[in-house]
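The values are calculated or read from the model by the stated rules, or taken from the named source; none is laboratory data. The structure displayed is predicted, hence computed values, not measured ones. Reconstructed Cβ throughout: ideal geometry from the backbone, glycine too, with neighbour counts over all protein chains shown. Calculation scope for accessible area: heavy atoms of the full protein, side chains included, ligands and nucleic acids excluded. Shrake-Rupley method; radii C 1.70, N 1.55, O 1.52, S 1.80 Å.
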Amino acid sequence: MTITFHFFHKHAIMGKMVDKDEIMTNVIGLHVNTNEIKNYKHGYPLINKDSIKNTNVLINEGAIVHLMDNNLQFIAKGYYGKQNKGIGWVLTHKKDEPIDFGFFKEKIEVALKKRKSFYTDPNTNAFRIFNGEGDGIGGLTIDYFDGFYLINWYSEGIYSFKEHIIRALDELGEYKGIYQKKRFNIKGKYIDDDDFVKGGRGEFPIIVKENGMKYAVYLNDGAMVGIFLDQRDVRKAIRDKYANGKNVLNTFSYTGAFSIAAAVGGATKTTSVDLAKRSKAKTIEQFSVNGIDFEQQDIIVMDVFDYFKYAKRKNLKFDLVVLDPPSFARSKKHIFSTAKDYPALLKNTIEITEKNGVIVASTNNATFGMKKFKGFVNKAFREMNVPYKVLEEYTLPVDFRTQPNFPQGDYLKVVIVKKFK
Ligand code: SAH
């Protein structure tokens with residue numbers, strides 16, 4: 001791979017063509033703040049802006065950096081890439097390990113082996129094969145959808161290693177085609193583009209299988225593909241343990257994936273509520289590919305907060321309510337943040353849940369952990385003066401590998417609670 005920059009001490013000499021691996025001899029040294037040294041020595045993988053004294057030396061994303069202690073001793077090696085508050089990821093603690101094609105191939109090969117049981121499962125063909133720092137390379141995820149790979153690049157830095165990563169996928173087995181999402185414009189958002197990379201173009205939707213259920217997936221139509229793979233275990237639990245014979249409400253329903261699981265699991269009826277206009281057609285499609293008559297279900301385009309008011313006015317109650325809001329959302333009337341507003345959301349939910357009903361409370365907000373989330377649940381029930389019991393808890397499924405030194409990486413928190421009274 002050739003790139004057009006070269007590092008010499010602190011100065012970048014532009015315009016010179018060098019092989020990226022060659023830059024290794026002229027790496028950039030990052031001086032870690034004294035109080036952070038221990039963390040990086042113990043394997044904390046995210047290079048935070050606030051942890052580095054001399055971020056001014058960072059110029060070109062994708063550059064290899066060495067973290068160093070106060071005595072200029074090597075701690076770890078990583079790359080420069082801006083992602084939220086992070087400015088890069090640690091890749092290795094071995095000073096002499098080259099960050100070259102072989103490095104990326106080995107990481108992906110190990111990751112693929114860890115997903116072996118998914119490849120041989122006849123009922124599931126959509127799963128994550130590479131989960132960022134959990135698989136040793138922060139800023140990169142790769143999902144598998146029935147033979148197609150979808151790569152998420154979370155910074156320009158990781159994107160600069162694209163050739164290595166695609167070549168590794170080429171050498172590690174067959175695939176139908178590769179798509180990508182570049183999630184690194186100025187605001188860290190998705191760059192709308194033709195997402196096709198190589199191989200064959202899919203005919204979308206492709207219909208993937210998950211525990212025997214079917215989901216329509218579009219790999220070339222915006223940032224979201226139609227299903228969030230990280231909720232697989234929760235969908236299965238809803239189908240197998242909670243839905244049978246129940247009247248189910250699915251709020252923030254997107255394409256209705258939870259509603260499908262509930263209907264397949266024997267729900268008497270599902271109601272899906274989402275603000276986005278296109279969620280209705282998308283939900284109809286998901287029901288249809290599963291052979292479920294969508295006309296027997298309610299699919300409502302409405303602000304969830306308005307729906308709560310409507311349901312209370314009409315005295316509607318549900319046996320099972322799924323609550324899976326985005327971390328942040330702005331509608332015409334509300335600015336919602338899970339970190340602040342979850343208890344209020346849950347209180348509204350409790351009000352329209354039947355006696356002995358079940359609530360599936362979920363969040364993907366990485367800024368707080370399970371303990372705090374369960375605190376929100378407790379606060380909501382306490383303030384409503386309603387007793388409850390936690391039936392089950394879920395975090396990320398096994399294909400979304402995480403590492404113990406980076407608990408924020410395990411962002412998914414789902415608590416299934418039973419309402420008494
Ligand atoms: N639970 C879904 C994923 C939710 S994604 C699943 O498992 O597939 C978040 C969804 O919330 C988006 O579809 C978005 O349109 C919707 N949304 C955001 N704010 C909303 C609001 N105030 N009322 C209703 N839906 C909202």
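Do any helices (runs of 4 or more DSSP H) entirely within segment 240-345 hold 2 or more residues that are modelled with pLDDT of 95 or more and open to solvent by 70 Å² or more (accessible area, probe 1.4 Å), and if so, which?
Numbers: elements: 257-264, 278-289, 304-313.
Here the list reads 278-289, 304-313.
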Could you list, in sequence order, the residues of segment 389-414 that are surrounded by 20 or more Cβ atoms within 10 Å (Cβ to Cβ) and without any contact (Cβ under 8 Å) to a residue 60 or more places away in the chain?
-> Lys413
Of the residues in segment 327-338, how many are near the ligand (Cβ under 9 Å from one of its atoms) and of a type in the set (A, V, I, L, M)?
-> 1
Sort out which residues of segment 345-361 are touching an Asp or Glu at 6+ places or on another chain (Cβ under 6 Å) and small (Gly, Ala, Ser), and write them in order of number.
-> Gly357
Of the residues in segment 208-266, how many are within 30 Å of Lys182 (Cα to Cα), out of contact with any Leu (no Cβ under 9 Å at 6 or more places or on another chain), away from the ligand (no atom under 13 Å from the Cβ) and among the hydrophobic types (A, V, I, L, M, F, W, C)?
-> 1
Run down Asp341, Asp324 and say which single residue is within 20 Å of Ala267 (Cβ to Cβ) and within 13 Å of the ligand (Cβ to nearest atom).
-> Asp324
Every pair of residues 6+ apart whose Cβ atoms lie under 9 Å, when the first sits in segment 23-35 and is under 14 Å from Tyr79 (Cα atoms) and outside any strand (DSSP E or B) while the second is modelled with pLDDT of 95 or more and acidic (Asp, Glu) | Met24/Asp100
Within segment 350-376, residues closer than 27 Å to Gln408 by Cα and crowded, with 21+ Cβ neighbours inside 10 Å come out as Ile359, Val360, Ala361, Ser362, Thr363, Phe373, Phe376
